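Worksheet: the structure to be examined is printed underneath.
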Amino acid sequence: MENFQIISDGACDLLPSYTEKHKLTIVPFYVSFDKKQYFKEGIELDHDEFYRKMDEEHAVPCSSLPSITDFYDAFLPLAQQNIPIICICITSKFSGSYNSACNARDQILEEYPNARLHVIDSTLNTVTLGLYVNEAVRMRDDGLSYEKAIEVLESLKQTGRIYFTVSTLEYLIKNGRIGKVAVIAGDKLGIKPIIIMKDGEISLGGVTRSRAKTKKKIIEQVQKYFEDQKLSISDYSITVGTGYDYEEAKAFGQELETALNTHLADVDTLIGTTVGCHVGPHPIGIGFVRKYDA
């Protein structure tokens, strides 16, 4: 059966160990600490050094989306070989990456009218986007047709959720991503928020007075979501997202597996620099996406 190539922007936060194994093409975002010099995430900027600079030097980085040219350069060799392309982008409510990809697609189609190139606004971000891309990989490897894979992917994106917390609201505020969460005083009161992302939007899911209580509450909220929606956790791919607090994430993942009687997805992800610009140095949370029916 005909195969297709999967492309994602860097916001999927999949590690090279995964992308190389599964032969994915990643179009990176750019990150800057001074708004003058920009580095390609995952290529020109070390992940741990990025978070260390925020944590220890209180740096406030910013990100910049992939350009039309970046996507065009990724699409061109595949179009020339008549290989169908599925390009999966971060939610358009957070970034113009999807628009860059669409403009690049239009340029390709002008030059190669028979090219098959579908761009998806995933409505997802970071580790849920990574899980979503993983479902696309499963479809490709299982031999689904290009058209069927697109159909299933479009239906799955609404199933993604992230429940997470941060050590400080500073970065969400400075980068204009706080949205409905702005109603709380946050740092001044020592409050730790639970933030929920769904359908490309973030909202407040509650507050506690400590990080430990917040993580416990996050697991309880995920449990409640599955119970209230009458969903089976076994039908979902689930993971823990962290910046660089690896031991905390490992312990949190074990708590999650025990509480939900499940196993984390075998997908290598870390909350990357693009999202890290907005959530600060110590994000942690749970993301999940429904698996496709093989």
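Go through region 144-170 and count every residue that is under 29 Å from Q223 (Cβ atoms), modelled with pLDDT of 95 or more, among the small types (G, A, S) and open to solvent by 20 Å² or more (accessible area, probe 1.4 Å).
The qualifying residues number 1.
Search region 282-294 for residues that are touching a residue at least 40 places away in the same chain (Cβ under 8 Å) and within 16 Å of E154 (Cα to Cα) and pair each with any residue that is aromatic (F, W, Y) and open to solvent by less than 10 Å² (accessible area, probe 1.4 Å) when their beta-carbon atoms are under 8 Å apart and the residues are at least 6 apart or on different chains.
Qualifying pairs under 8 Å: V289/Y132.
For region 130-143, state whether one or more residues are surrounded by 15 or more Cβ atoms within 10 Å (Cβ to Cβ) and part of a loop (DSSP other than H, G, I, E, B).
Step one: filter region 130-143 for residues surrounded by 15 or more Cβ atoms within 10 Å (Cβ to Cβ), giving 130-140.
If we keep only those that are part of a loop (DSSP other than H, G, I, E, B) too, we end up with none.
The answer is no, given that none of the residues of region 130-143 is surrounded by 15 or more Cβ atoms within 10 Å (Cβ to Cβ) and part of a loop (DSSP other than H, G, I, E, B).
Kindly indicate whether D48 is surrounded by fewer than 22 Cβ atoms within 10 Å (Cβ to Cβ) and under 23 Å from V279 (Cβ atoms).
Spelling it out, D48 is indeed surrounded by fewer than 22 Cβ atoms within 10 Å (Cβ to Cβ) and under 23 Å from V279 (Cβ atoms).
Within the bounds of region 75-89, is there any residue that is free of Cβ contacts under 8 Å to residues at least 60 places away in the same chain, open to solvent by less than 20 Å² (accessible area, probe 1.4 Å) and touching an Asp or Glu at 6+ places or on another chain (Cβ under 8 Å)?
Going through region 75-89, the residues free of Cβ contacts under 8 Å to residues at least 60 places away in the same chain turn out to be 76-77, 79-82.
Keeping just the survivors that are open to solvent by less than 20 Å² (accessible area, probe 1.4 Å) gives 79.
The next check asks that each one be touching an Asp or Glu at 6+ places or on another chain (Cβ under 8 Å); those that pass are 79.
Yes: region 75-89 contains one or more residues that are free of Cβ contacts under 8 Å to residues at least 60 places away in the same chain, open to solvent by less than 20 Å² (accessible area, probe 1.4 Å) and touching an Asp or Glu at 6+ places or on another chain (Cβ under 8 Å).
Has region 231-241 got any residue that is open to solvent by 20 Å² or more (accessible area, probe 1.4 Å), hydrophobic (A, V, I, L, M, F, W, C) and under 30 Å from E20 (Cβ atoms)?
Yes.
Restricting attention to helices (runs of 4 or more DSSP H) lying wholly within region 14-121, give those where 3 or more residues are among the small types (G, A, S).
By residue number, 97-111.
Quick check on my filter: what residues within region 220-249 are part of a helix (DSSP H, G or I), free of Cβ contacts under 8 Å to residues at least 12 places away in the same chain and of a type in the set (S, T, Y)?
Y246 - this is the single residue of region 220-249 that is part of a helix (DSSP H, G or I), free of Cβ contacts under 8 Å to residues at least 12 places away in the same chain and of a type in the set (S, T, Y).
Just to verify a result, which residue in region 200-220, among those that are surrounded by 14 or more Cβ atoms within 10 Å (Cβ to Cβ) and within 20 Å of the chain's Cα centre (by Cα), is nearest to I120 (Cα to Cα)?
Looking at residues that are surrounded by 14 or more Cβ atoms within 10 Å (Cβ to Cβ) and within 20 Å of the chain's Cα centre (by Cα), I get G200.
Among what's in region 249-269 and is in contact with a Gly (Cβ under 7 Å, 6 or more places away or on another chain) and among the hydrophobic types (A, V, I, L, M, F, W, C), pick the residue that is surrounded by the most Cβ atoms within 10 Å (Cβ to Cβ).
The residue in question is V267.
The values are calculated or read from the model by the stated rules, or taken from the named source; none is laboratory data. Being a predicted model, the structure only gives us computed values, none of them experimental. Here the Cβ is made from the backbone with ideal geometry for all residues, glycine too, and neighbour counts use every protein chain on show. Just the protein is used for accessible areas: all its heavy atoms, side chains included, with ligands, DNA and RNA removed. Shrake-Rupley method; radii C 1.70, N 1.55, O 1.52, S 1.80 Å.
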